[in-house]
Amino acid sequence: MRTYTIDDIMALKPCDRYDRAAVAKLYGRRKELGLIEILSLGEVPVVDRLWVFLAVSDDRTRRLFAADCAERVLPIYEKVYPCDDRPRKCIDTARRYANGEATQDELHAARSAAGSAAWAAAGSAAWAAAGAAAGSAAGAAAWAAAGDAARAAAWEWQIGRAKYYVEEEEEK
């Protein structure tokens, strides 16, 4: 199992709030931490733990992780656009590319098609957001609370998925 010292983390050039003293405080008396331990540091914001995971992961792992994250929200898109399979095909192509089963040209074509789908959906979402803005303050507050809960659940899912990839790599 690969472990990371304070020097290793500092070499990744974290943001200013993680100077050497702040990182040393997180390590406590430990000289090194495994990636699972870093991902489990509850006092560190999820986005920062995921930053470490992505900074130390190889290209294949990052691509597969991104595909997993995209696939997790795909049902939201497909509920609104059930006949548009461009995002699903892009996710599939990204996975195949990560595993050496698709070419870079295939990946670019799939990304372009999914981008077109995203722009079309964004236009629709902008109109929906404008309509929602005209709604009541109470409704907006309820949506905001629901959004906060959904974001928290999504962050926790991402940490769990990152741990899955670390454990998979450690088994090899």
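No value in this document is a laboratory result; all are computed from the given coordinates. Just so you know, these numbers come straight off a predicted model, no measurement behind them. Cβ: placed from backbone, ideal geometry, glycine included. Neighbour counts: every protein chain shown.
Need the C-alpha centroid separation for region 76-91 versus region 1-38, integer Å. Region 76-91 and region 1-38 have Cα centres spaced 39 Å from each other. The listed peptides 37-46, 98-107, ordered by packing as a protection proxy, come out as 37-46, 98-107 (highest mean of other Cβ atoms within 10 Å first). Taking trypsin sites (Lys or Arg not before Pro) across region 26-96, the ones in a DSSP loop with at most 10 further Cβ atoms lying within 10 angstrom of their Cβ are Arg29, Lys31.
Here r is the Cβ-Cβ distance between Ser112 and Leu26 and R0 is 35 Å; the resulting FRET efficiency, rounded to 0.05, is 0.25. Counted residue by residue at 0.36 nm each, then reduced by the alpha carbon distance between them, the extension gain from Val47 to Asp85 reaches 10.7 nm. What the Cα atoms of region 3-56 give is an Rg and a Dmax of 9.8, 25 Å. For region 1-33, backbone nitrogen atoms closer than 11 Å to the point 7 Å from Glu170 Cα along Cα-to-C-beta are found at 1-3.
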